[in-house]
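The block underneath contains the structure these notes are about, expressed in C-alpha coordinates.
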Amino acid sequence: AVHAPGWAGLPGGYPVRITPDGTELDLPPQLTEKEAVEINLDGQRHDGIARIGADGLVEFTEESTEIMRAELGYHCKQLALDDAGQAAAELAARYAEYSRR
(Lines give C-alpha, C1' and ligand atoms only; values in the text may rest on other atoms or scores of the structure.)
Protein backbone atom coordinates (compact mmCIF):
# COMPACT_ATOMS: atom_id res chain seq x y z
CA ALA A 1 0.00 0.00 0.00
CA VAL A 2 1.37 3.40 -1.02
CA HIS A 3 0.22 6.95 -1.61
CA ALA A 4 0.15 7.91 -5.29
CA PRO A 5 -0.28 11.47 -6.58
CA GLY A 6 -2.37 11.72 -9.73
CA TRP A 7 -3.18 8.02 -9.76
CA ALA A 8 -4.92 7.08 -13.05
CA GLY A 9 -5.05 10.76 -13.98
CA LEU A 10 -7.21 11.71 -10.98
CA PRO A 11 -6.62 15.03 -9.20
CA GLY A 12 -4.69 14.88 -5.94
CA GLY A 13 -3.26 11.85 -4.19
CA TYR A 14 -4.80 8.50 -3.32
CA PRO A 15 -4.06 5.36 -1.34
CA VAL A 16 -3.14 2.69 -3.86
CA ARG A 17 -2.36 -0.98 -3.49
CA ILE A 18 0.34 -2.43 -5.71
CA THR A 19 -0.32 -6.00 -6.74
CA PRO A 20 1.29 -8.40 -9.20
CA ASP A 21 -1.50 -7.42 -11.61
CA GLY A 22 -0.85 -3.66 -11.33
CA THR A 23 -2.23 -0.98 -9.07
CA GLU A 24 -5.69 -0.48 -7.65
CA LEU A 25 -7.33 2.26 -5.66
CA ASP A 26 -7.36 1.33 -1.97
CA LEU A 27 -9.95 3.64 -0.42
CA PRO A 28 -11.66 2.98 2.91
CA PRO A 29 -14.91 1.04 2.35
CA GLN A 30 -17.10 4.01 3.31
CA LEU A 31 -15.48 6.33 0.72
CA THR A 32 -16.34 6.18 -2.98
CA GLU A 33 -13.93 7.16 -5.72
CA LYS A 34 -16.24 10.05 -6.63
CA GLU A 35 -16.16 11.31 -3.03
CA ALA A 36 -12.36 11.00 -2.89
CA VAL A 37 -12.03 13.02 -6.10
CA GLU A 38 -14.33 15.72 -4.68
CA ILE A 39 -12.26 15.87 -1.48
CA ASN A 40 -9.13 16.47 -3.56
CA LEU A 41 -10.81 19.08 -5.76
CA ASP A 42 -12.05 20.87 -2.64
CA GLY A 43 -8.51 20.77 -1.26
CA GLN A 44 -7.19 22.34 -4.46
CA ARG A 45 -9.70 25.18 -4.14
CA HIS A 46 -8.57 25.78 -0.54
CA ASP A 47 -5.00 25.89 -1.88
CA GLY A 48 -6.05 28.62 -4.32
CA ILE A 49 -6.39 26.47 -7.45
CA ALA A 50 -9.68 26.79 -9.32
CA ARG A 51 -8.89 24.00 -11.78
CA ILE A 52 -6.13 22.19 -13.62
CA GLY A 53 -6.71 21.55 -17.29
CA ALA A 54 -5.94 18.32 -19.11
CA ASP A 55 -2.95 20.10 -20.64
CA GLY A 56 -1.61 20.97 -17.16
CA LEU A 57 -2.68 24.63 -17.26
CA VAL A 58 -3.37 25.76 -13.69
CA GLU A 59 -6.04 28.39 -13.15
CA PHE A 60 -5.94 30.10 -9.79
CA THR A 61 -8.96 31.29 -7.82
CA GLU A 62 -9.86 34.98 -7.87
CA GLU A 63 -9.17 35.18 -4.14
CA SER A 64 -5.66 33.73 -4.33
CA THR A 65 -4.83 35.80 -7.41
CA GLU A 66 -5.88 38.97 -5.58
CA ILE A 67 -3.93 38.10 -2.42
CA MET A 68 -0.76 37.47 -4.44
CA ARG A 69 -1.23 40.76 -6.29
CA ALA A 70 -1.93 42.78 -3.14
CA GLU A 71 0.80 41.26 -0.98
CA LEU A 72 3.56 40.50 -3.47
CA GLY A 73 2.73 42.57 -6.54
CA TYR A 74 2.53 39.30 -8.48
CA HIS A 75 -0.29 38.75 -10.93
CA CYS A 76 -0.82 35.31 -12.38
CA LYS A 77 -4.31 34.04 -13.17
CA GLN A 78 -3.07 30.99 -15.11
CA LEU A 79 0.20 29.10 -15.15
CA ALA A 80 1.40 26.67 -17.80
CA LEU A 81 3.70 23.86 -16.72
CA ASP A 82 6.47 25.12 -19.02
CA ASP A 83 6.42 28.46 -17.16
CA ALA A 84 6.59 27.00 -13.63
CA GLY A 85 10.37 27.37 -13.23
CA GLN A 86 10.35 31.03 -14.22
CA ALA A 87 7.32 31.70 -11.99
CA ALA A 88 9.02 29.98 -9.05
CA ALA A 89 12.13 32.13 -9.44
CA GLU A 90 10.05 35.30 -9.64
CA LEU A 91 7.99 34.32 -6.59
CA ALA A 92 11.12 33.48 -4.59
CA ALA A 93 12.48 36.96 -5.29
CA ARG A 94 9.17 38.59 -4.39
CA TYR A 95 8.86 36.57 -1.16
CA ALA A 96 12.41 37.56 -0.21
CA GLU A 97 11.53 41.21 -0.74
CA TYR A 98 8.27 40.76 1.19
CA SER A 99 10.13 39.25 4.16
CA ARG A 100 12.50 42.23 4.24
CA ARG A 101 9.58 44.68 4.62
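The values are calculated or read from the model by the stated rules, or taken from the named source; none is laboratory data. This structure is a prediction, so every number in the text was calculated from the model and none was measured. Ideal geometry is used to build each Cβ from the backbone, glycine not excepted, and the neighbour counts take in all protein chains shown. The area values use the complete protein model at the heavy-atom level, side chains included, leaving out ligands, DNA and RNA. Shrake-Rupley method; radii C 1.70, N 1.55, O 1.52, S 1.80 Å.
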Gained length - GLU24 relative to ASP42, 0.36 nm times residue gap less alpha-carbon distance: 4.2 nm
Assigned charges on the beta-carbon of Lys, Arg, Asp, Glu; the chain dipole about Cα centre (debye): 360 debye
Net charge over other residues, Cβ less than 15 angstrom from the Cβ of ALA4 (K, R count +1; D, E count -1): -2
Relative contact order (percent, whole number), the chain, Cα cutoff 8 Å, 6+ residue spacing: 14 percent
Amide proton proximity set for ARG51, modelled H, under 5 Å, gap of 5+: GLU59
Average accessible area per residue (Å²) across the chain - probe 1.4 Å, nucleic acids and ligands excluded: 71 Å²
Inter-part distance where region 80-101 and region 22-48 are each reduced to a Cα centre, Å: 30 Å
Net length gained if the chain between LEU57 and HIS75 were fully extended (0.36 nm per residue, minus Cα distance): 4.9 nm
5 Å-binned pair-distance histogram of the chain (Cα, whole percent): 2, 11, 16, 18, 15, 13, 10, 8, 5, 2, 0, 0
Expected 222 nm ellipticity per residue - DSSP helices of 4 or more, -39500 (n - 2.57), all of the chain, to 500: -13500 deg cm²/dmol
